[in-house]
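The values are calculated or read from the model by the stated rules, or taken from the named source; none is laboratory data. All of these numbers come straight from a predicted model, not from anything done at the bench. Note: ideal-geometry Cβ built from the backbone for every residue, glycine included; neighbour counts use all protein chains shown. We work out accessible area using only protein heavy atoms, side chains counted, and drop any ligands, DNA or RNA first. Shrake-Rupley method; radii C 1.70, N 1.55, O 1.52, S 1.80 Å.
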Amino acid sequence: MKPYRPAFALKNFSSLAPSKPPISVQNVETFIDARGIKTGFDPNTCRSNFMVENLLRKGYLSTARQVFDQMPSRNTVSTNMMISGYVKSGDLLKARHMFDTMLDRTAVTWTIIIGGYVQKSQFHEAFKLFAEMRRHDTQPDPVTFATLLSGCNDAEADNELVQVHGLVLKLGYHSSIIICNSLVDSYCKTDHLDFASRVFEDMPERDSVSFNALINGFAKDGLTEDAITLFLQMQNLGFKPSDFTFAGVLSAAIRLNDLAFGQQIHGFLVKTGFVGNVFVGNALLDFYSKYDCLVEAGKLFDEMPDLDGISYNVIITCYAWSGQHEEAISLFRELQFTGFKRRQFPFATMLSIAANVLDLRMGQQIHTLAIVTTADSELVVGNSLVDMYAKCGRFEEAEKIFRSLAKRSTVPWTAIISGYVQRGFHEEGLNLFNEMHKAGVRADQATFASILKASANLASLSLGKQIHSFVIRSGYMSNVFSGSALLDMYAKCGSIKDSIQLFQDMSERNIVSWNALISAHAQNGDAKATLDSFEKMVQSGFQPDSVSFLSVLSACSHCGLVQEGLRYFRTMTRIHNLVPKKEHYASMVDMLCRSGQFNEAEKLMDEMPFDPDEIMWSSVLNSCRIHKNQELARKAADQLFSMEVLRDAAAYVSMSNIYAAAGQWDNVGKVKKAMRERGIRKVPAYSWVEIRHKLHVFSANDMLHPQMEEIRKKIEMLSKQMEKEGYKPDTSCALHDVDENIKIESLKYHSERLAIAFALISTPEGSPILVIKNLRACTDCHAAIKVISKIIRREITVRDSSRFHHFKDGICSCGDYW
């Protein structure tokens, strides 16, 4: 092989100094040979090293290895270059193998291999190598320390960082600016700002990097004022800011909640010319996106002279957070035609869009693209995949990805738990929470919100109280979101007193906690407390949102407060500048129909900016049953039956019940036939009650419970007492064309009555009873439970699919308006 002659490179170097006479190639080679002799280098080795270095610089790693293997003699420089080449290419295995076979290692050799492990985020392995380096009596230099410290990025490196700092002091490197800067940066990244500040203050000399490290540390930890003060100090001392400086300051401005300050920084960036820097531009883009300044963010993105993958990630995420999914999807399509690294595409953001809109097909397409780019192996993408599949109800895929995750942190656990709970699989969600606890993974406020929702929907007060204790032990009791979730849980378990007490004990309240209280009163049918809480919230300076008004309108609807409901509906737009959503119109339609104002309800549906949906027409149909408006009922039923997709068989059941109540059994048969032809099945009615931490579930005419004989005896005994109190069964609720006595007998064994009877034989006298039903209670059961509460002198709470009914001394909290 011909020796490498770097003629072209030397020609370029010579052109940089034209005043000197040109140097011939022969003279250069003589000069190199002379230097090799003087330093002890073999001339051939020296030339080969130049060749290996040149090949590595051009990216020809395999060719460089071939030259290296053919070298008759090698030195430490040769091997260091090859190890460095493997490290830069990401092949740490070959780099380590070559390192392990070396006999003569210098500080440079150790630094290269340590840097390789740091690049791969394997800090503990890098530290082991550093310790081994010390055992081999090789003195680390400032570059070694800086390389090692660059890997101290999280709290798990605490002990090692302190040991390295101690060694820096021992070896007298405490005045080295490169090491001190690295120490400040590492302490900031491991959340030890006190140590970072101390190192910074003790530095005999500082530069812009020193200030940048601490400014970014303060910003990251939320110490916004300290970050900005340090930035101003840096300016006063004459240090020139860099792109990293402005990134830290803009990050602090986000937390400062001061849009004007960020805009001032924007102006300063324009003056200093940094606004054209893509790194600074991205930080500014992130600032505007965090303030929901979509117009400013979009304009900045369009005007940026240079864009990179991060620019697209930030603007796509900005649109996604603001609910502008079409814009986000359009930009993601545009991103795919750029030359930016596909692995760094915002897959997590796009998956969150698919999860929120329940677009499984889109989610699967993003998943495929993530697999192709190997981005699916990244933890944040894996977590988002679990969340997307769980929210779309594809639990098999969600579990498969979840179990395959390299690290299962709180995030994926919470994602899959909340997915099960949102889909109504409460017990599965609670089982996963138990598994999460056993695995030693710490729950956060989002986890607790999900499992509290599960216990609320199951109306398991004992379970809710256990979780309450868990929240206290975990230190999240002061968190306003955890407190609001607990408030909601107690309300849905019928314990409104505990809900109110929790609200009063809150050290901090926000719109979420106020909404939870307003909703609690609304669910429990207390319209006065609902409206009072709403007004107190407004007086406290909180701006009501769409959730606040939905609870208020629901309370007005359930309690027949039509005029109040109309007034609050008008104030949404006139006073609070809120645009009513479909659910607000649905509440208004329900309120008007319940009060028998069908003309006004139809007028509202004609005037609203969207077509009536299943919920609205179902409200009309249910109210028609109450007010016996068969003509409008047929119209509502026709609208419902013509819909391509229905949630369940409720529309068919309601229409069937209307015909049955009128004795039109032929029409009942026709509705049931149409229902069968469409393949829709009626949802079976279930009621359950919690006794000694166990849920007991009953269906109508149930015979499966082991204590059914005792339960039926209790029902017979109650029936005799109820008859003495003047109770007469409403057989119109027995919707079957059978003998009157059979109808009366069947009404006795409706699921809620079985649950109440079981609670009576299983709990102490005088204790309250809470029964949950998955569907609405019938009018006969409502009348019967009023009489039972008077006979047994107990408070009975029934939560059906619509609301709470609190029965006491023969009276229901709903005032028979339901």
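In the set (1) free of Cβ contacts under 8 Å to residues at least 60 places away in the same chain; (2) touching a Lys or Arg at 6+ places or on another chain (Cβ under 7 Å); (3) of a type outside the set (Val, Ile, Thr), Arg712 fails one condition alone, (2). Taken residue by residue, region 355-374 has at least one member that is farther than 23 Å from Ala415 by Cα and open to solvent by 70 Å² or more (accessible area, probe 1.4 Å).
Given the structure, is Phe246 open to solvent by 40 Å² or more (accessible area, probe 1.4 Å) and either of a type in the set (Val, Ile, Thr) or farther than 16 Å from Tyr291 by Cα (or both)?
So Phe246 fails the test.
The residues in region 656-699 that are closer than 30 Å to Lys465 by Cα and either open to solvent by less than 40 Å² (accessible area, probe 1.4 Å) or touching a helix residue (DSSP H, G or I) at 6+ places or on another chain (Cβ under 7 Å) (or both) can be counted, and the count is 12. Taking into account only those residues within region 111-122 that are assigned to a helix (DSSP H, G or I) and not hydrophobic (A, V, I, L, M, F, W, C), which is farthest from Glu378 (Cα to Cα)? In this case the residue turns out to be Thr111. Selection of region 123-147 for residues being in a helix (DSSP H, G or I) and polar (S, T, N, Q) yields Thr144, Thr147. Which one is nearest to the chain's Cα centre (by Cα), of the residues in region 337-366 that are farther than 21 Å from Asn383 by Cβ and in contact (Cβ under 8 Å) with a residue 24 or more places away in the chain? If we take residues in region 337-366 being farther than 21 Å from Asn383 by Cβ and in contact (Cβ under 8 Å) with a residue 24 or more places away in the chain, then Phe340 is nearest to the chain's Cα centre (by Cα).
Does Gly115 count as out of contact with any Phe, Trp or Tyr (no Cβ under 7 Å at 6 or more places or on another chain), open to solvent by less than 80 Å² (accessible area, probe 1.4 Å) and under 15 Å from Leu149 (Cβ atoms)?
Taking the combined requirement at face value, the residue satisfies it.
Of the residues that make up region 777-798, is at least one hydrophobic (A, V, I, L, M, F, W, C), at pLDDT below 90 and in contact with a Ser or Thr (Cβ under 7 Å, 6 or more places away or on another chain)? Looking for residues that are hydrophobic (A, V, I, L, M, F, W, C), at pLDDT below 90 and in contact with a Ser or Thr (Cβ under 7 Å, 6 or more places away or on another chain), one finds none in region 777-798, hence no.
One residue stands out among those in region 618-637 that are within 16 Å of Ser802 (Cα to Cα) and of a type in the set (A, V, I, L, M, F, W, C): the one that is most open to solvent (accessible area, probe 1.4 Å), which is Ile626. Scan region 743-780 for residues that are among the acidic types (Asp, Glu) and buried (at least 24 other Cβ atoms within 10 Å of the Cβ) and the total you get is 1. Taking region 561-613 as the range and being under 32 Å from the mean Cα position of the chain (by Cα) and of a type in the set (S, T, N, Q) as the test, the residues that pass are Thr573, Asn577, Ser587.
Restricting the search to helices (runs of 4 or more DSSP H) fully inside region 43-110 and requiring at least 3 residues that are among the hydroxyl-bearing types (Ser, Thr, Tyr) and closer than 24 Å to Arg134 by Cα gives 76-89. Just one of the listed residues (Leu695, Leu747, Leu718) is in contact with a strand residue (DSSP E or B) (Cβ under 8 Å, 6 or more places away or on another chain) and either outside any loop (DSSP other than H, G, I, E, B) or among the polar types (S, T, N, Q) (or both), namely Leu695. Meeting the requirement of 1 or more residues that are modelled with pLDDT under 90 and surrounded by 17 or more Cβ atoms within 10 Å (Cβ to Cβ), the helices (runs of 4 or more DSSP H) wholly within region 425-483 are 445-458, 461-474. Only one of the numbered conditions (1) in contact with an Asp or Glu (Cβ under 8 Å, 6 or more places away or on another chain); (2) under 27 Å from Glu745 (Cβ atoms); (3) in a loop (DSSP other than H, G, I, E, B); (4) of a type outside the set (A, V, I, L, M) is not met by His705, and that is (1).
Considering only residues in region 367-382 that are under 17 Å from the mean Cα position of the chain (by Cα) and β-branched (Val, Ile, Thr), the one that is nearest to Ser330 (Cα to Cα) turns out to be Val381. Taking the criterion of being touching a helix residue (DSSP H, G or I) at 6+ places or on another chain (Cβ under 6 Å) and more than 22 Å from Val381 (Cα to Cα), would at least one residue in region 436-449 satisfy it? Checked region 436-449: at least one residue is touching a helix residue (DSSP H, G or I) at 6+ places or on another chain (Cβ under 6 Å) and more than 22 Å from Val381 (Cα to Cα). Cβ-Cβ distances below 8 Å connect the following pairs, each with a first residue in region 668-686 that is in contact (Cβ under 8 Å) with a residue 40 or more places away in the chain, a second residue that is open to solvent by less than 80 Å² (accessible area, probe 1.4 Å) and among the aromatic types (Phe, Trp, Tyr), and a separation of six or more residues or different chains: Val668/Tyr659; Tyr686/Phe698. Taking region 781-813 as the range and being farther than 21 Å from Ser557 by Cα, of a type in the set (A, V, I, L, M) and buried (at least 21 other Cβ atoms within 10 Å of the Cβ) as the test, the residues that pass are Ala784, Ile785, Ile788, Ile796.
Count of region 81-110 residues, restricted to those that are of a type in the set (Lys, Arg) and open to solvent by less than 20 Å² (accessible area, probe 1.4 Å), is 0.
Within the option set Pro305, Pro346, being over 23 Å from Asp221 (Cβ atoms), touching a helix residue (DSSP H, G or I) at 6+ places or on another chain (Cβ under 7 Å) and outside the structural domain of Asn383 (by the TED database) holds for one residue only, Pro305.
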